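Here's the structure we're looking at; comments come further down.
The values are calculated or read from the model by the stated rules, or taken from the named source; none is laboratory data. The structure displayed is predicted, hence computed values, not measured ones. Positions of Cβ are backbone-derived with ideal geometry, glycine not excepted, and every protein chain shown enters the neighbour counts. SASA here: full protein model, heavy atoms, side chains in, ligands and nucleic acids out. Shrake-Rupley method; radii C 1.70, N 1.55, O 1.52, S 1.80 Å.
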Amino acid sequence: MIQAIELVKRFGETTALRAMNASVEEGSVYGLVGTNGSGKSTFLRLLAGVYYPDGGRVRIGGEDTYENEKLKDSLFFVPDELYFFPQSTMEDMAHFYAGQYSGWDWEYYKKLCGIFPIGNKVRLNTFSKGMQRQAAILLALSARCKYLLLDEAFDGLDPVMRGAVRRLLADEVAERKMTVIISSHNLRELEDLCDHVGLLYNGNILFSRELDEVKLGFCKVQAAFQPEREVTELTGIQVMQYEKRGSLLSMVVRGNSQEVLKRLEEFRPVFAEALPLTLEEVFIHEMEEVGYDYNNIIF
């Protein structure tokens, strides 16, 4: 398990993390969401042992990460700002990481080179931002680590490559029980991959839920009534938000879709249907429930 316990990190007069507590289960994909400056990159650098905490502890498998050479052999950190050796090629970086990681897999590296359309002999500093991101992810996966930390993993990738990376990560988690933490400022990027999502705000975890648990708590429904009805007439249904256009009511409702639709039938709608909620919509309503304006936090 990955744990942050009352974790504090300061940079001069700026406190990036404020007694942060978090936990990530083994073999899971954890999405860390937040605006720029919320502390995502700082937390990942603390996990990777790049930074030393000013307070509290950060542990992986019960061990502190800072200056822990054995533990670092089992984790790979891909930062937001990528770095490759000057004038290096993919092949150069592959040989470097093969000497750093005991689990480096040349066969898997060659397989991934067939998936990612980047050349082994071309200097990485000539690559576009998206191609450099592909190179970093390829190298990270080839190291066959137990823990993978990705800061803005999909930044610069086109839709095809994003889909390929999602599939590869899902396969690694399923086959090797790899644990992945992905930071992003975009919930839509994480929705189809993560099984747990946390919102980092002002240096602390404001909200953390299993994805299935989050989505089961709300549903979106559309219904029309004849004669027309107001939301206030729909007793027994906890409406979080609604919009009325003519006779059509569009509502975000607390509860699962089957129960809500069954309750709506008592009011004899002309029609009623349930629609899937996006992760972003779920977070908006959860944040409003605890008194935060989600739009001001994320956007």
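Net charge within 12 Å of residue 72 by Cβ-Cβ distance, Lys/Arg positive one each and Asp/Glu negative one each, not counting residue 72 itself?
Local charge sum for residue 72: -3.
Which value in nm describes the separation of the simple spin-label points at residue 14 and residue 106, placed 7 Å from the Cα toward the beta carbon?
Output for this residue pair reads 4.4 nm.
Would you work out which of 224, 200, 12 lies farthest towards the positive end of the dipole of the chain, given +1 charges on the beta-carbon of Lys and Arg and -1 on that of Asp and Glu, about the Cα centre?
12
Subtract the Cα-Cα distance of residue 250 and residue 167 from 0.36 nm times their separation in residues, and report this length gain in nm to one decimal.
26.5 nm
Might you work out the accessible area of residue 177 for me, using a 1.4 Å probe with all protein chains in place, and round it to the nearest 10 Å²?
Counting only protein heavy atoms, residue 177 exposes about 130 Å² to solvent.
Specify, per residue and in Å³, the volume enclosed by the convex hull of the alpha carbon atoms belonging to segment 222-274.
67 Å³
Under 10 Å, Cα contacts only: if you run a Gaussian network model on the chain, which one of 198, 12, 27 comes out with the highest mean-square fluctuation?
Most flexible of the set in this elastic network: 12.
Put one equal scatterer on each alpha carbon of the chain, apply the Debye formula with no solvent term, and list log10 I(q)/I(0) at q = 0.09, 0.13 1/Å to two decimals.
-0.54, -0.93
Per-residue HN-Hα couplings for segment 119-124, Karplus 6.51 cos²θ - 1.76 cosθ + 1.60 at θ = phi - 60°, whole Hz, x for Gly and Pro?
For segment 119-124, the Karplus curve yields x, 6, 9, 8, 5, 5 Hz.
Give me a comma-separated list of calculated 3J(HN,Hα) values for segment 37-48, in order, Karplus coefficients 6.51, -1.76, 1.60 applied at θ = phi - 60°, integers in Hz, x for any Gly or Pro.
Working through the residues one at a time gives x, 7, x, 4, 5, 4, 4, 5, 5, 5, 4, 7 Hz.
For segment 16-62 and segment 88-130, what is the centre-to-centre distance using only Cα atoms, to the nearest Å?
Cα centroid to Cα centroid, the span is 27 Å.
Between residue 238 and residue 271, what is 0.36 nm times their sequence separation minus the Cα-Cα distance? Round to one decimal in nm.
10.0 nm
So which GluC sites (Glu not before Pro) in segment 155-263 pass both tests, a DSSP loop state and at most 13 other Cβ atoms within 10 Å of the Cβ?
Passing both the DSSP loop test and the Cβ count: 228, 230.
Percentage of Cα-Cα pair distances in segment 89-228 greater than 21 Å, rounded to whole percent?
The proportion of pairs with Cα distances above 21 Å equals 52 percent.
If every alpha-carbon in segment 26-141 counts as one equal scatterer, what log10 I(q)/I(0) does Debye give at q = 0.11, 0.16, 0.20 1/Å?
-0.44, -0.90, -1.23
Amide H to amide H, which residues 5 or more places from residue 153 or on other chains are under 5 Å from it, using H placed in the peptide plane?
183
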